[in-house]
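A short write-up of the structure that comes next.
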């Protein structure tokens, strides 16, 4: 998946991926950076 970061710093996750992960508006996503080029996220429910 490729996505973009908005001018406000928001990451857009495509709707197909959100449906697969059952992510809804307002859900928290814990994001960690690894080096300069990698991030990983976990849904906090």
Legend entry - Taking the chain and dividing mean pair separation by its residue count, relative contact order in percent (alpha carbons under 8 Å, at least six apart): 24 percent
Legend entry - Computed helical MRE - 222 nm, the chain, DSSP H runs ≥ 4 contributing -39500 (n - 2.57), nearest 500: -4000 deg cm²/dmol
Legend entry - Calculated log₁₀ intensity ratio I(q)/I(0) where the Debye formula runs over C-alpha points of the chain, q = 0.30 Å⁻¹: -1.36
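Read-outs throughout are calculated quantities, based only on the coordinates presented, and are distinct from any laboratory measurement. Note that the structure is predicted; figures quoted are calculated from it, not measured.
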